[in-house]
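Note sheet for the following structure.
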Amino acid sequence: IANGRHWPEQNQIFFNNGRGIFTVSVPLDVIRETSYATELADFDGDGDLDIAVGNDMAPNAIYLNAGDGTFSRSGTFGKPYAPTRNLTVADVDGDGDVDILITNRGSENEICLNDGFGHFSESLPFGEMDDSTIDVDVADLDGDDDMDLILANRDGQQNYIYLNDGQLRFRHIPFGTGNDETRAVAHADLNRDGIPDIITANIGEPNRIYFGDPELTFRLSITFDSGNDESYSVAVSDLDLDGDMDIIIANVGEPNTVFINKDNGQSWDKIILSEEKYNTYDILSADLNNDQRPDVIECNSQAVNVYYFNRERVKN
């Protein structure tokens, strides 16, 4: 868990006992850092999960796993002092290892290329120099078998798709209104037409779905949450186990919500996760207790972090 943000804290590792219980935790490092994001991936190709940490105005760091859940700081990646806000991991250059994308608010974003051993000495920029990029998602939007980028820009800036030509040269396409206050972005084929759709979490305006089309215009869109909540994170998962993807939204100052897909992305049933009004800055879904149901995890600022077990009946 990344704990710092603007106020340096120790990042923590919580170990799952296999049943969704986290009674054992250890600090990732003895130092306190202004960490905004952590990501897990096998960066050095040895079969275990390593950790990337993204820090605000401090070097971003890689921690390699010794294979037994102990981690050592092995190096840094990206600019040494940048306003990093998020990390995304994916094989962007198609060479079989995991690269890291860094979003830097008001500064140049970076793709840090992995040499296969967890070293990230080569990087290249993406987006505009002054973009206030807060999140990036990765998907093959145009069906050419390489990874394209979906950028969420805050501060009323235009959101963009960056199409990869396979050589890490990108052509950008705008989507959205041009002045959205987007805080997070995700993708899924919500209407099951074989084309990825884009979901945006916004503050002070409705959250939206932009449906993909063969021309990649993303002009057809709907709101799935008509409120004006401050939504800071979005995740997708098949929560009701019916074969289509549902949406999970993290809010600041309002209850977090689940939206169940009822009509191929055209209608949604809203469920309140809890009446608690946390300041939730990240939300994700994973099967924590090995019961074949995706659960929901909230990361809350200045409050306990919370996870919810899914009690949906498993469909055979």
Checklist outcome for this item: Subset of region 273-316, residues of a type in the set (Val, Ile, Thr) and either over 26 Å from residue 136 (Cα atoms) or modelled with pLDDT under 95 (or both), comes to 304, 314
Checklist entry - In region 250-263, is there at least one residue being of a type in the set (Val, Ile, Thr) and crowded, with 20+ Cβ neighbours inside 10 Å? => result yes
Checklist entry - Here is a list of conditions, (1) modelled with pLDDT under 95; (2) part of a strand (DSSP E or B); (3) not β-branched (Val, Ile, Thr), and residue 107 meets all of them except one; can you say which number that is? => result (2)
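Identify, from the list 86, 17, 3, 65, the residue that is more than 24 Å from residue 122 (Cβ to Cβ) and in contact with a strand residue (DSSP E or B) (Cβ under 7 Å, 6 or more places away or on another chain).
Criteria check complete, one pass: 3.
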Next on the checklist: Can you list the strands (runs of 3 or more DSSP E) lying wholly within region 276-316 that have 1 or more residues being over 21 Å from residue 253 (Cα atoms)?
Outcome noted: 280-286, 295-300
Checklist entry - Hey, does region 86-100 have a residue that's hydrophobic (A, V, I, L, M, F, W, C), buried (at least 24 other Cβ atoms within 10 Å of the Cβ), assigned to a loop (DSSP other than H, G, I, E, B) and modelled with pLDDT of 95 or more? => result yes
Next on the checklist: Among the residues that make up region 184-204, is at least one of them out of contact with any strand residue (DSSP E or B) (no Cβ under 7 Å at 6 or more places or on another chain), under 25 Å from residue 56 (Cα atoms), without any contact (Cβ under 8 Å) to a residue 24 or more places away in the chain and not basic (Lys, Arg)?
Outcome noted: no
Checklist entry - Which of the residues belonging to region 122-139 are within 22 Å of residue 216 (Cα to Cα), of a type outside the set (D, E, K, R) and out of contact with any Gly (no Cβ under 6 Å at 6 or more places or on another chain)? => result 126, 127, 136, 138, 139
Checklist entry - Taking region 110-146 on its own, how many of its residues are of a type outside the set (Ser, Thr, Tyr), farther than 24 Å from residue 214 by Cα and not in a strand (DSSP E or B)? => result 11
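Return yes when residue 159 is without any contact (Cβ under 8 Å) to a residue 40 or more places away in the chain and under 24 Å from residue 220 (Cβ atoms) and no when it is not.
no
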Next on the checklist: Whether any residue in region 116-127 is out of contact with any Phe, Trp or Tyr (no Cβ under 9 Å at 6 or more places or on another chain), within 20 Å of residue 183 (Cβ to Cβ) and surrounded by 15 or more Cβ atoms within 10 Å (Cβ to Cβ) is what I want to check.
Outcome noted: no
Item to check | Condition check for residue 261: farther than 16 Å from residue 186 by Cβ and touching a residue at least 40 places away in the same chain (Cβ under 8 Å) | outcome: no
Checklist outcome for this item: Scanning region 1-50 for residues that are surrounded by 13 or more Cβ atoms within 10 Å (Cβ to Cβ), part of a strand (DSSP E or B) and either touching a helix residue (DSSP H, G or I) at 6+ places or on another chain (Cβ under 9 Å) or of a type outside the set (A, V, I, L, M) (or both) gives 9, 12, 27, 33, 35, 36, 38, 39, 50
Checklist outcome for this item: Taking region 147-170 and keeping only residues that are crowded, with 17+ Cβ neighbours inside 10 Å and part of a loop (DSSP other than H, G, I, E, B), one is left with 147, 154, 157, 158
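Residue under question is residue 15, and the condition is that it be free of Cβ contacts under 8 Å to residues at least 12 places away in the same chain and among the aromatic types (Phe, Trp, Tyr); does it hold?
Answer is no for this residue.
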Next on the checklist: Just the residues that are among the aliphatic types (A, V, I, L, M), crowded, with 16+ Cβ neighbours inside 10 Å and within 28 Å of residue 142 (Cβ to Cβ), please, taken from region 217-249.
Outcome noted: 234, 235, 236, 245, 247, 248, 249
Item to check | Filter result for residue 142 (over 28 Å from residue 223 (Cβ atoms), surrounded by fewer than 21 Cβ atoms within 10 Å (Cβ to Cβ) and charged (D, E, K, R)) | outcome: no
Checklist entry - When residue 243 is evaluated against the numbered criteria (1) outside any strand (DSSP E or B); (2) in contact with a Phe, Trp or Tyr (Cβ under 7 Å, 6 or more places away or on another chain); (3) more than 24 Å from residue 181 (Cβ to Cβ); (4) not acidic (Asp, Glu), which criterion, by number, is the only one it fails? => result (2)
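The values are calculated or read from the model by the stated rules, or taken from the named source; none is laboratory data. In this text the structure is predicted, and so the values were computed from the model without any measurement. Using ideal geometry, Cβ is built from the backbone for each residue, glycine included, and neighbour counts are taken over all protein chains shown.
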